[in-house]
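Enquirer: Handing you this structure, nothing more for now.
The values are calculated or read from the model by the stated rules, or taken from the named source; none is laboratory data. These figures come from a predicted structure and were not determined experimentally. Reconstructed Cβ throughout: ideal geometry from the backbone, glycine too, with neighbour counts over all protein chains shown. Areas reflect the complete protein model, heavy atoms only, side chains present, ligands, DNA and RNA absent. Shrake-Rupley method; radii C 1.70, N 1.55, O 1.52, S 1.80 Å.
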Amino acid sequence: MAGLYYTSAFVSRLLFLLTVLSVSLAAFAFVLQWRGGLPDPSTRWAPDDDPIEFHGTGGSKPVRLSDSSSSGCEDILGQSRMPSFPYFKDWKFNFGSSSGSDLKPKISITTSTSAGLEQILPWLFYHKVIGVTNFFLFVEGKAASPNVSMVLESIQGVRVIYRTRELEDVQAKSRIWNETWLAGFFYQPCNYELFVKQTLNMEMAIVMAREAGVDWIIHLDTDELLHPAGTSEYSLRRLLADLPEDVDMVVFPNYESSVERDDVKEPFSEVSMFKKNYDHLPKETYFGNYKEATRGNPNYFLTYGNGKSAARVQDHLRPNGAHRWHNYMKSPKEIKLDEAAVLHYTYPKFSDLTSRRDRCGCKPTKEDVKRCFMLEFDRAAFIIASTVTEEEMLQWYREHVVWTDKALIRKLIKKGILTRIYTPMVIIQGLKESGVFASVVASAHRNIIKEESLSSTGNRNASRYPHITDTFPRKMGRILEPQATARKFLEFSETDRQAISPQSPPGMDGIHLYKIPSVQ
């Protein structure tokens, strides 16, 4: 009887285990089916049957640039040749509204640029993805050429303003020119001239933002991407919406790109390593690793380190240089974000050395470059680009810009000074693969052909550069004109302090790490 009992107990336990195993396998199979299985990662970025629609694309089917006439951007704006990242397959870009009128808060970016489409389009549509609705583009150079500006004008939410003589005449009568806080930058070349242009353009963009019903305005260059870290949706709109209502301005500390090759062509799609800002590091970590992180350059960052800011659009708002905003009638409440940042792609291409050199007419001497550039590295780079052979320049670029020491990289990543950020790269590659850039260019090109067939050269040029009075309404003049009452107020305020310029991160007092190269 005892043996029969033990046999029956063993059988019962065996049946129980088999039942549990069957139920577990069935549950596991159900979970796999519910989640869609385990697809091949190489297919996750494959375009769906229905392309992603963005403002201004008109819902047209994406096309390859090779299907339209050449615009010089085939390789960069067409399908990417680099492997896609297997992330965010099911991420909804939330561009269901054609006008963006139901998106709150409404966010605008203003910029002054002379870049081409290969840089502007990825920059622009990336910011659309994270929640920007309006763009005020002050263009000149390549950006103002018909083939580029026609594409930009075709994108919904984008307003293009050309640097014409008429615009300069209006800005010469603006309120800023009758105040002293920007006067220290007047009538100087190169970076100083750009700084003044940016500030004057920001003054006009405030008026345009108010007319468009925009809630926040940000000044950003086209070599910078906002990185709204700290939000579950990677959404700039969510980040700003969650701020207390009494916050007037938000500072985004900047991270600086750290390129690992000297042959980068598409920085937004190829650069993933960044050096963190001083504000996002413990002081002991920053200063304890300062020499290694600086690598013999003038400062911890190659260029500026004081970030960029967003301002709530409200009465009496004004720019305070290209990096900050201010208010004529009060001391605005400003906060600094502890996770979100501006990603600054600094000298990411070797050609940036010569392009900066070609934009400035200063002599390559230590004395004269101070007239053109505010920061030490820019001065040193200009001298190198103006005085040595291309081979020597490439060697200098590798030593001072490119990160090749893998052991140092690993150490600084472990310390938290260097960090990998992939999300912007993923978004831009996804936009490229979906055909957004190519579709916009092809659509605008068809419009150019149509316009050329209907207009003479003279009439076309007239339509390409509208009168400033058509671009800005009459109340712009009232805001920009000098006002005696406002000036009287300024005499008793603190707003006459010099505008906040690009500033280097904190340095180590008493340590001289670098000397500007001498001219032989």
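Enquirer: Pick out the one residue from Glu399, Glu390 that is touching a helix residue (DSSP H, G or I) at 6+ places or on another chain (Cβ under 9 Å), over 25 Å from His227 (Cβ atoms) and open to solvent by 60 Å² or more (accessible area, probe 1.4 Å). Talk me through it step by step, then tell me what you get.
Expert: Details: Glu399 fails: touching a helix residue (DSSP H, G or I) at 6+ places or on another chain (Cβ under 9 Å).
Answer to the selection: Glu390.
Enquirer: Restricted to the stretch 160-175, and to residues that are of a type in the set (Ser, Thr, Tyr) and in a loop (DSSP other than H, G, I, E, B), which residue is least open to solvent (accessible area, probe 1.4 Å)?
Expert: Checking each candidate, the answer is Ser174.
Enquirer: If I filter the stretch 163-179 for residues that are at pLDDT 95 or above and either polar (S, T, N, Q) or closer than 29 Å to Leu431 by Cα (or both), do I get at least one hit?
Expert: Yes.
Enquirer: Next up: I want to confirm something. Restricting to the stretch 106-159 and keeping residues that are among the hydroxyl-bearing types (Ser, Thr, Tyr) and under 17 Å from Ser439 (Cα atoms), which single residue is most open to solvent (accessible area, probe 1.4 Å)?
Expert: Here the answer is Ser154.
Enquirer: So the check is Cβ under 6 Å with 6+ separation or different chains; which pairs have a first residue in the stretch 240-261 that's farther than 30 Å from Ile409 by Cβ and a second one that's open to solvent by less than 10 Å² (accessible area, probe 1.4 Å)?
Expert: Going by the 6 Å Cβ cut-off, the qualifying pairs are Leu240/Trp216; Met249/Ser309; Met249/Ala311; Met249/Trp325; Val250/Ala310.
Enquirer: Here is a follow-up. Could you run through the stretch 241-275 and say how many residues are within 17 Å of the chain's Cα centre (by Cα), assigned to a loop (DSSP other than H, G, I, E, B) and closer than 22 Å to Ile417 by Cα?
Expert: 5
Enquirer: Can you list residue pairs whose Cβ atoms sit under 9 Å apart, with the first residue in the stretch 295-319 being within 16 Å of Met208 (Cα to Cα) and free of Cβ contacts under 8 Å to residues at least 40 places away in the same chain and the second being assigned to a loop (DSSP other than H, G, I, E, B) and of a type in the set (Ser, Thr, Tyr)? Count only pairs 6 or more apart in sequence or on different chains.
Expert: What qualifies is Asp315/Tyr328; His316/Tyr328.
Enquirer: Still on this model: Scan the stretch 303-316 residue by residue and report those that are touching a His at 6+ places or on another chain (Cβ under 8 Å) and not β-branched (Val, Ile, Thr).
Expert: Once the filter is applied, which keeps residues that are touching a His at 6+ places or on another chain (Cβ under 8 Å) and not β-branched (Val, Ile, Thr), the stretch 303-316 yields Tyr304, Asn306, Gly307, Lys308, Ser309.
Enquirer: Something else: Taking the condition at pLDDT 95 or above, outside any helix (DSSP H, G or I) and of a type outside the set (Phe, Trp, Tyr), does Thr222 pass?
Expert: On the way: at pLDDT 95 or above: yes; outside any helix (DSSP H, G or I): yes; of a type outside the set (Phe, Trp, Tyr): yes.
Yes.
Enquirer: Hey, which of the helices (runs of 4 or more DSSP H) in the stretch 348-432, taking only ones fully inside, have at least 3 residues that are farther than 29 Å from Leu121 by Cα?
Expert: In the stretch 348-432, the matching helices (runs of 4 or more DSSP H) lie at 369-372, 376-387, 390-400, 406-415.
Enquirer: Among (1) modelled with pLDDT of 95 or more; (2) open to solvent by less than 30 Å² (accessible area, probe 1.4 Å); (3) not charged (D, E, K, R), there is one condition Leu353 misses while meeting the rest; what is its number?
Expert: All conditions are met except number (1).
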